[in-house]
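The values are calculated or read from the model by the stated rules, or taken from the named source; none is laboratory data. Because the structure is predicted, anything quoted here is derived from the model rather than measured. Glycine also receives a Cβ, built like all others from the backbone with ideal geometry; neighbour counts cover every protein chain displayed. Each accessible area value is taken on the protein alone, full model and side chains, heavy atoms only, with ligands, DNA and RNA left out. Shrake-Rupley method; radii C 1.70, N 1.55, O 1.52, S 1.80 Å.
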Amino acid sequence: MQLYTRSAGEGLPVVLLHAFPMSSAMWLAQREGLSSVCKVITPDLRGFGGSVLGEDDPSLDVMADDVARLLDHEGVDRAVVGGLSMGGYVTMAMCRRHPDRLRGVILADTKAGADPEAARSNRERIAAAVLEEGTSVLLEEVLPGLVGQTTAQRRAMVFGRVRGLVQAAPPTAVAWAQRAMAGRPDSFDTLRALKTPVLVIVGEEDEITSPADAGAMAEAVPDGRLVVIEKAGHLSAIEQPEAFNRAVSGFVAELAGGIGESPSRG
Ligand code: MLT
C-alpha cells in the first residue's frame, strides 16, 4: 500500500495526518505556511484522496503501518508525526506500534479515550447509511459539528471549503474509517509511556474533541505542551491556519534546538 502524498519544504520531516472524512487537501495552508521551517509531508490516508483502500479489515493500526511504510519510502528514519482528529487517532496508533520512528508528536483536536458503546453503534449506522445512500448523511450529521461557531456564523468561504472536502469523500473509505475508529483502544497508557515531546492543539470552540480532552492528553504525556486556538472549532488547522502554524513552527524550532516561539508547557 503506497499512500498518495503531497510534500513541501526541506528540513525536519513533519508528517501531518488528516481528519475524517477529508484528505491531504485540508493541509494546504500548512504546506504553504510551514514549508519554510520544515519538510511537510501530508499523505492521503487509505481510501481517501489519491490513496486506494485495499483489502484489509478496518483498523487504525493498518493506517499507522501505512505511515511507517511511507517513512521508509521517503528515506526518513524519525519524523515529527501529527494528526488532526482521526489523524490524531492514527498518530496514537503510531505511538503504540512505531515509537522508534517518532521525533515528536502533534495531537490536534483529537482525544485519547476509546468510543463508548453508543458512539460505536452510531459509527456503524453512518457506515451502513453511507454505503447504501452515499455521503448525504455526512453533510447532514457530520459537517455541522466540524467547524466552530465563529466559522459557521462569519466565514462562509471556509465553511464552503470544508463542505467540499466532505462531499469528496468516497463512501467505501468513509465506512471503512468509521469502523476502524470504532475499534480503537484507549490510548492513555500509550501516552503516559511516550518518550518523545508532544504538542497538543485544540480549537477553543471544538465540540467534538473538547479543550478538556486536549488538556487530559497534555497532562498524561511526560513532556507535553498545550495550545488552545481562539475562534476555531474542530478543524483548527483550516479555521485558524496562522495560529495553528505558529504552534507547529514553535514546536519544530524547539525540537531542532533553535530559537523559536515555544508553546507553553502543559
Ligand atoms: C474527525 O474529524 O476526524 C472525526 O471527527 C473523528 C471522529 O469521528 O471521532
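Of Val142, Val62, Val227, the residue with the greatest mean-square motion in the GNM of the chain, using alpha carbon springs below 10 Å, is Val142. Our helix-only sum for the chain, with -39,500 (n - 2.57) per DSSP H run of n ≥ 4 divided by its residues, gives a mean residue ellipticity at 222 nm of -13000 deg cm²/dmol.
Could you tell me whether segment 11-137 comes out rounded, prolate or oblate from its Cα gyration tensor? Rule is a ≥ b ≥ c as square roots of the eigenvalues, rounded for a/c under 1.5, then prolate if a/b exceeds b/c, otherwise oblate. Note, shape of segment 11-137 comes out prolate. Only protein atoms count toward the accessible area here, which uses a 1.4 Å probe; on the chain, the carbon and sulfur part of that area reaches 49 percent. Its Cα centre serving as origin, the chain has a Cβ charge dipole (Lys and Arg +1, Asp and Glu -1) of approximately 460 debye.
Which trypsin sites (Lys or Arg not before Pro) from segment 164-266 combine a DSSP loop assignment with at most 14 other Cβ atoms within 10 Å?
For trypsin sites (Lys or Arg not before Pro) across segment 164-266 that sit outside H, G, I, E and B with at most 14 neighbouring Cβ atoms in 10 Å, the list reads Lys195.
Dividing the Cα radius of gyration of segment 171-266 by its Kirkwood radius returns 1.02 for Rg/Rh.
For segment 117-230, the square roots a ≥ b ≥ c of the C-alpha gyration tensor eigenvalues yield an a/c of 1.5 or more together with a/b not exceeding b/c, which makes the shape oblate. Close amide-amide hydrogen proximity is noted between Arg103 and Ala79, Val80, Val81, each under 5 Å apart and 5 or more residues distant or on a separate chain (H modeled in the peptide plane; Pro and chain starts excluded).
Along its first, second and third principal axes, ordered by size, segment 122-180 spans 34, 20, 18 Å in Cα coordinates. For segment 26-123, GluC sites (Glu not before Pro) meeting the loop criterion (DSSP other than H, G, I, E, B) and having at most 13 other Cβ atoms within 10 Å: Glu55. What segment 134-248 shows is 42 Å² of accessible area per residue, with the surface traced by a 1.4 Å probe over protein heavy atoms.
When the Kirkwood hydrodynamic radius is evaluated over all pairs of different C-alpha atoms of the chain, what value in angstrom, to one decimal, is obtained? Evaluated over the chain, this radius sits at 18.0 Å.
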